[in-house]
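A.B. asks: My questions will all concern the structure given below.
The values are calculated or read from the model by the stated rules, or taken from the named source; none is laboratory data. The structure presented is a predicted model; accordingly, all values stated were derived computationally and were not measured. With ideal geometry, Cβ positions are generated from the backbone for all residues, glycine too; neighbour counts draw on all protein chains shown.
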Amino acid sequence: MLDYTEYTKFLISLLAVVNPIGVVPIFITMTADLNSAEQRRIAKLVVLATATVLLISLFFGELVLNFFGISINSFRVGGGIMLLLMAISMLHTSHTTIRQHREIAEQASESMAVVPLAIPLLAGPAAISTVIINAYKGHGVEHYVLMSLDIIALTVILALLFLLMPWIASRISTLGINISTRIMGLILAAIAVEFIANGLKGLFPVLA
């Protein structure tokens, strides 16, 4: 078990890496044509998926990656490519086109909640690696219990944030959604490039 201040630092670092505020405009954009009940359902799935991924990473992260022979850097590249494809879609999809495909979006809402909202936007390579690295700093039941409580605290913050989503979304017009879609597409593209670049630097140190 580590000093209690270390667990506080872990929670703060996890909040910084996960960056729950950053997913707000992306969530609003992706669920703009869904009703309130569907948005709440997706929000619950996002929170649950994020908590599940981080807890699995805490207890089994390194074992899973080693079992499949996957490194964090490979995960960064894969997640970055997935985010880049999503960003390109956001840059080329109009609000009218989104409406025309509303039925498809509703059918894929559960998948949307997990990918890309929970993974890799919230529980991405950086968050997973942060959990794994801190997990192996200590030993014992109490160490893992305290780290689990930190992750649960993070999910509570996420849940509270998603409760405010309808209030935020109700104040954004159709034009605002179109503009935010393209802006967030550009931001997502930049995040994706960072994921890929950092992954490639880790896989090929000569590039650093």
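A.B. asks: What number of residues within segment 57-71 satisfy the criterion of being assigned to a helix (DSSP H, G or I), touching a helix residue (DSSP H, G or I) at 6+ places or on another chain (Cβ under 8 Å) and over 10 Å from I132 (Cα atoms)?
C.D. replies: Selection size over segment 57-71: 2.
A.B. asks: Hey, another quick one. Out of the residues in segment 7-38 that are polar (S, T, N, Q) and surrounded by 20 or more Cβ atoms within 10 Å (Cβ to Cβ), which is nearest to L163 (Cα to Cα)?
C.D. replies: The extreme case among them is T31.
A.B. asks: Now for a different question. What helices (runs of 4 or more DSSP H), lying completely within segment 132-208, carry at least 1 residues that are modelled with pLDDT of 90 or more and of a type in the set (D, E)?
C.D. replies: In segment 132-208, the matching helices (runs of 4 or more DSSP H) lie at 141-163.
A.B. asks: For the list (1) surrounded by fewer than 18 Cβ atoms within 10 Å (Cβ to Cβ); (2) under 13 Å from the mean Cα position of the chain (by Cα); (3) over 17 Å from L160 (Cα atoms), I need the number of the one condition that V64 fails.
C.D. replies: (2)
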